[in-house]
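Just so it is clear, none of the values below were taken in a lab; they were calculated from the coordinates. Since the model is a prediction, treat every value here as computed from it, not as a measurement. No Cβ is skipped: glycine too gets one built from the backbone with ideal geometry, and neighbour counts run over all protein chains shown.
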Amino acid sequence: MLAVENRTIDPFKLACMSSLGSLIAQWFGPPTLRPPPVPHAPAAGSRREHEYPPPEPGLPAVSLAEVIAPQAAVLQRLKDAYGADAATFERDIAAVVERYAQFVHLLPATPDAYYRNAGGLFRMGLDVGFFALQGTDSAIFAGRQTITQRSALEPRWRYATFLAGLCSELHRTLSHFIVTDNHGQEWPAYLQPLGVWLREGNASRYYVRWRPHPQETRSLTVVALSHIVTPRILQFLAAGNAVVIPHLMASLAGTALERDANTLDQLVRRASALVIDRDLHANADVHGELRQAADLERTLVDAMRRLVAKRQWVANAESSRLWYAQDGLFVLWPQAALDLIGLLHEDGLPGMPQAAATMARILAAAGVIEPRADGSLLWEVFIADVRPSSTALKIAAPRLLLAATDGSTAALPRRLLEIPAADPTTAATPQGELALSRPEPGPVIAVER
């Protein structure tokens, strides 16, 4: 039971309030005199209930209206940015936001970095969606189309960009944590939204257990998308074109398109970087430098995967930055750092490191690259036709980058960290093996073609 203004209110009656406006008034209305709160039973919707980690174990299984109400100001900004009448906004934006809130409920976005409070994942989706939508005002989508075609598709591009921003972090619900209720049951995230599951199970609280070093699998967003975006919405986006949905899905899955630049995805990335940067700076005393580095690692890995997906980095190709052999996957450094700096500059992301050494330290702190036994980060590798040796970073898990390809990349049949012993009786190297430059003059090893 909840103590509010000397009255006892059943929490289920509070959940059934007929007007969302009355709830908003409770959150944002003028302060009133109230008796001191009961220590063991804080009022529902109080700020203590919307902190993470919470003062009490777990998070409250509040109603959907109570999840949405604290974000009334963001919803108003969204309405202004969308520029539609009330009925259209309710159909296009508010209904989708409600389904998103139903799915993520009060889950935080991260355990101890940006958007770490209860409701953080919901608020982050709204923020990214808003700034991505706002960015469409000055964007040109599918530049090869005529002005008439672009004008006809503009409402669909704007709507798809908002959806991509809102759902951009949805993959976290399927890969970053495990949720259990006060009965010990685990949330079946692939089957139903969190809010529905809590209501059907009569849960009063629920608990978040974070997975250690979760795999960043953005493509899982597409799996959960059906709970947020209905088939009717997809049909609207697809009407009269075959480009909007492919750009939307590529952005959500974190993949690159083969031929077209994905303006929609660029807007979402910039919006995401902006809101994360703002949250980190607003809570610098809590997050600190290491927390900012954690987000930079995510951005750097994503940029590396995009370079691979776009085939700007092709493993084991001539003049490649990426080399894959029996002893692991290596990225030539600092050459690859210049590619990353250029790509991030094109994205217009704020606060990105501009030094190769800084990037390497961030990747090492996150466990993305493997240090040498002495703690140094640069490995000496031997690759044909460049120099006697090159410096490189060793990727701890090769599939982290190679998964961005079609999966056909094979390792070279040799090791890069050592020079094979010379064999004068060998007339030619095995098929696919590269000749090595030697530190002293010697016979050239031919490459069999």
Task: Förster radius 30 Å - calculated FRET efficiency between GLN192 and SER219 (Cβ-Cβ, nearest 0.05) - done: 0.90
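If you take the square roots of the eigenvalues of the alpha-carbon gyration tensor of the stretch 42-282 and sort them as a ≥ b ≥ c, do you get rounded (a/c under 1.5), prolate (a/b over b/c) or oblate?
Details: a/c = 1.88, a/b = 1.74, b/c = 1.08.
Prolate shape, in that a/c is at least 1.5 and a/b is the bigger ratio.
About the Cα centre of the stretch 312-402, how large is the charge dipole given +1 on each Lys and Arg Cβ and -1 on each Asp and Glu Cβ? Please answer in debye to the nearest 20.
On the way: 6 positive and 9 negative charges, 37 e Å.
Dipole magnitude for the stretch 312-402 comes out near 180 debye.
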Open item on the list: Modelling each spin label as a point 7 Å along the Cα-to-Cβ direction, I'd like the GLU200/SER138 distance in nm, to one decimal.
Closed with: 4.7
Open item on the list: Under a crude label model (7 Å from the Cα following the beta-carbon direction), how far is THR358 from ASP80 in nanometres?
Closed with: 3.4
Task: Inter-centroid distance (Cα atoms) of the stretch 229-243 relative to the stretch 188-211, Å - done: 30
Open item on the list: Counting only other residues whose beta carbon sits under 13 Å from that of TRP210, what net charge do I get with K and R as +1, D and E as -1?
Closed with: +3
Open item on the list: Taking 0.36 nm per residue of sequence separation and subtracting the Cα-Cα distance, how much length would be gained by fully extending the chain between ASP374 and LYS310, in nm to one decimal?
Closed with: 19.6 nm
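Only four residue types carry charge here, +1 at the Cβ of Lys and Arg and -1 at the Cβ of Asp and Glu. Report the dipole size of the stretch 42-282 about the Cα centre in Debye, rounded to the nearest 20. Could you put the intermediate results ahead of the total?
On the way: 23 positive and 23 negative charges, 61 e Å.
With only Lys, Arg, Asp and Glu charged at Cβ, the dipole is about 300 debye.
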Task: For peptides 298-311, 363-376, sequence by mean Cβ density within 10 Å, most packed first - done: 298-311, 363-376
